[in-house]
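Visitor: Pasting in a structure now, in structure tokens, and then I'll have a few things to ask.
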Amino acid sequence: MKTVATTIAWQENGHPCEDEWRSERGALAPKRVVLADDTLSADSAYRLACAGTGMLWRGDFQNARLLLQALARRCDAPKKIRRTSKTHPEVSHTPEENFHLHRQAQSQRARTLSMILIQVNPDRQISLRRAPDWRGAMNEAWGPAGTTGCVASLRELLGLVGAHEWHQKGMEISALGSAPNNRIYPSYGVFSPVRGEYIQLVADAPLPSTELAFDIGVGTGVLSAVLAKRGVKRVVGTDLDPRAMACAKENIQRLGLNSKVELTQTDLFPEGKAPLIVCNPPWLPARASAPIERAIYDENSGMLKGFLEGLATHLAPKGEGWLILSDLAEHLGLRTRAELEEWIAAGGLKVISKTDIKAEHKKAQDESDPLHTARAAELTSLWRLSAA
């Protein structure tokens, strides 16, 4: 998904104005824009946001952040539940229906919270009272400043800055050894390896060979680094996303693994065969609504199917393919275990073994999460596959 770059228009001081609209998540510019400042109440702002009206901020910057927090509280407030009766019985939903309803609610929440707008100057400064200097974060995510400014949602800018902070401090990965040489630095738009259970599976599984491995969908480069640290002499990591390639390259360089890991921008497999091929595809078969979501959502299980279809032809004799996959989709009714096993068999593959580990992320313990039942049952598995 490419960045949406079009114009956004508004009236100011009796004159028509316009600027470039920038949205990394691919959101369209609000059709109606009004000027807003510190006099705008949270209730009024919420009504405008729900109606799809963008509010171009002209007040104190920190007050805009407070207003965004107030809008989030209104979005997240418990909705009134209609009393059930014989004529209006309580409606129960399947896990799949709950998932789609949850996604719809999250999408609406994102649209509502994206209606507070900030104008950014060509030099990437923000001309508002008490505005922070976010030039470093913008340059990191967007590249060098050009000759024009832009308007972006405050929510997206905060996400950009949050990613910048993660990139500066990095994440400690125990499977990479002891500090300080065990950190991965995620970049904006590249999914952070916050779920350590899948990394540990790769760190613990018996290696079929230490000569060569392919890492399909390299992301931050964390699995390539783990394999190299385990003694694999050569690792080839692949990805289609330029941001992922740049992120992985930086992390491999930081870890001093350039001589062991090479990166190739391609779809799924590089040329040749390998005795070990590792893939951690997105685990939910649904359409991503933002670039960062492509690490979670795999529409129609496209990457998963592509990996299983091509694996056997890229495995060296007696080689293994390691599929790291959460079963959350099964608990949500989005994919069955039988379907996965059919795809494995159709790819000319057989299962050597499967190792499971309990999901450790916070949402698995959050009983208020609409998908808690499925998340609490979730397992992440490493499927060791070979040619049949």
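Visitor: Kindly indicate the residue of region 8-43 that is at pLDDT below 95 and in contact with a Lys or Arg (Cβ under 8 Å, 6 or more places away or on another chain) and also farthest from GLU293 (Cα to Cα) among those meeting that condition.
Guide: Among those residues, the one meeting the criterion is ALA27.
Visitor: A further question on this structure: Spot the failing condition for GLN69; the list is (1) modelled with pLDDT under 95; (2) under 28 Å from VAL190 (Cβ atoms); (3) among the polar types (S, T, N, Q), and only one is missed.
Guide: So GLN69 meets the others, but not (1).
Visitor: Restricting to region 1-41, name every residue that is among the small types (Gly, Ala, Ser), outside any strand (DSSP E or B) and surrounded by 15 or more Cβ atoms within 10 Å (Cβ to Cβ). Quick ask: steps written out before the conclusion?
Guide: At the first step, the residues of region 1-41 found to be among the small types (Gly, Ala, Ser) are 5, 9, 14, 23, 26-27, 29, 36, 41.
Filter again for outside any strand (DSSP E or B), leaving 14, 26-27, 29, 41.
Across region 1-41, the qualifying residues are ALA27, ALA29.
Visitor: Of the residues LEU223, LEU207, only one is in contact with a helix residue (DSSP H, G or I) (Cβ under 9 Å, 6 or more places away or on another chain) and surrounded by fewer than 17 Cβ atoms within 10 Å (Cβ to Cβ); which?
Guide: Working: LEU223 fails: surrounded by fewer than 17 Cβ atoms within 10 Å (Cβ to Cβ).
Criteria check complete, one pass: LEU207.
Visitor: Checking the condition at pLDDT below 95 and not polar (S, T, N, Q), which residue from GLU250, GLU309, GLU293, GLU262 passes? Can you show your working first?
Guide: Values: GLU250 fails: at pLDDT below 95; GLU309 fails: at pLDDT below 95; GLU262 fails: at pLDDT below 95.
Of GLU250, GLU309, GLU293, GLU262, the one residue that is at pLDDT below 95 and not polar (S, T, N, Q) is GLU293.
Visitor: Note down all Cβ pairs under 7 Å where the first residue falls in region 133-145 and is assigned by TED's automatic domain parsing to the domain that holds PHE61, the second is crowded, with 18+ Cβ neighbours inside 10 Å and among the aromatic types (Phe, Trp, Tyr), and they're at least six residues apart or on different chains.
Guide: As it stands, the answer is GLU140/TYR188; ALA141/TYR188, since those pairs meet every condition given.
Visitor: Okay, next question. Output the number of residues of region 204-229 satisfying the condition of being in a helix (DSSP H, G or I) and farther than 19 Å from ALA274 by Cβ. Give the derivation first.
Guide: Within region 204-229, the first condition is being in a helix (DSSP H, G or I), and the residues that meet it are 204, 222-229.
Subsequent filtering for residues that are farther than 19 Å from ALA274 by Cβ retains 204.
Total meeting the criteria: 1.
Visitor: Looking only at region 260-297, count how many residues are crowded, with 21+ Cβ neighbours inside 10 Å and more than 18 Å from SER192 (Cβ to Cβ).
Guide: Selection size over region 260-297: 8.
Visitor: Are any of the residues in region 188-209 farther than 19 Å from TRP322 by Cα, of a type in the set (A, V, I, L, M) and in contact with a His (Cβ under 8 Å, 6 or more places away or on another chain)?
Guide: Looking for residues that are farther than 19 Å from TRP322 by Cα, of a type in the set (A, V, I, L, M) and in contact with a His (Cβ under 8 Å, 6 or more places away or on another chain), one finds at least one in region 188-209, hence yes.
Visitor: Now a separate question. In the list GLY306, GLY302, which residue meets the criterion of being without any contact (Cβ under 8 Å) to a residue 40 or more places away in the chain, in the same structural domain as ALA213 (by TED's automatic domain parsing), exposed (fewer than 15 other Cβ atoms within 10 Å of the Cβ) and not in a strand (DSSP E or B)? Outline the logic, then answer.
Guide: Values: GLY306 fails: exposed (fewer than 15 other Cβ atoms within 10 Å of the Cβ).
Checking each option against the conditions leaves just GLY302.
Visitor: Within the group LYS260, LYS273, LYS350, which residue is farther than 30 Å from LEU101 by Cα, among the basic types (Lys, Arg) and touching a His at 6+ places or on another chain (Cβ under 6 Å)? Quick ask: steps written out before the conclusion?
Guide: On the way: LYS260 fails: touching a His at 6+ places or on another chain (Cβ under 6 Å); LYS350 fails: touching a His at 6+ places or on another chain (Cβ under 6 Å).
Going through LYS260, LYS273, LYS350 in turn, just one is farther than 30 Å from LEU101 by Cα, among the basic types (Lys, Arg) and touching a His at 6+ places or on another chain (Cβ under 6 Å): LYS273.
Visitor: So, one more: Kindly provide the set of residues from region 230-276 that are over 26 Å from HIS167 (Cβ atoms) and either free of Cβ contacts under 8 Å to residues at least 12 places away in the same chain or assigned to a helix (DSSP H, G or I) (or both), ordered by number.
Guide: Scanning region 230-276 gives a single hit, GLU271.
Visitor: So how many residues does region 175-196 have that are in contact with a helix residue (DSSP H, G or I) (Cβ under 9 Å, 6 or more places away or on another chain) and either over 22 Å from GLY217 (Cβ atoms) or of a type outside the set (Gly, Ala, Ser) (or both)? Spell out the reasoning first.
Guide: Start the filter on region 175-196 by keeping residues that are in contact with a helix residue (DSSP H, G or I) (Cβ under 9 Å, 6 or more places away or on another chain), which leaves 175-177, 181-193, 196.
If we keep only those that are either over 22 Å from GLY217 (Cβ atoms) or of a type outside the set (Gly, Ala, Ser) (or both) as well, we get 176-177, 181-186, 188, 190-191, 193.
Of the residues in region 175-196, 12 are in contact with a helix residue (DSSP H, G or I) (Cβ under 9 Å, 6 or more places away or on another chain) and either over 22 Å from GLY217 (Cβ atoms) or of a type outside the set (Gly, Ala, Ser) (or both).
Visitor: Output the residues belonging to region 333-377 that are without any contact (Cβ under 8 Å) to a residue 12 or more places away in the chain and in a loop (DSSP other than H, G, I, E, B).
Guide: Hits for region 333-377 are THR336, GLN365, ASP366, GLU367, SER368, ASP369.
The values are calculated or read from the model by the stated rules, or taken from the named source; none is laboratory data. Remember, predicted model here, so these are calculated numbers, not experimental data. Positions of Cβ are generated from backbone atoms using ideal geometry, with glycine treated the same way; all protein chains shown enter the neighbour counts.
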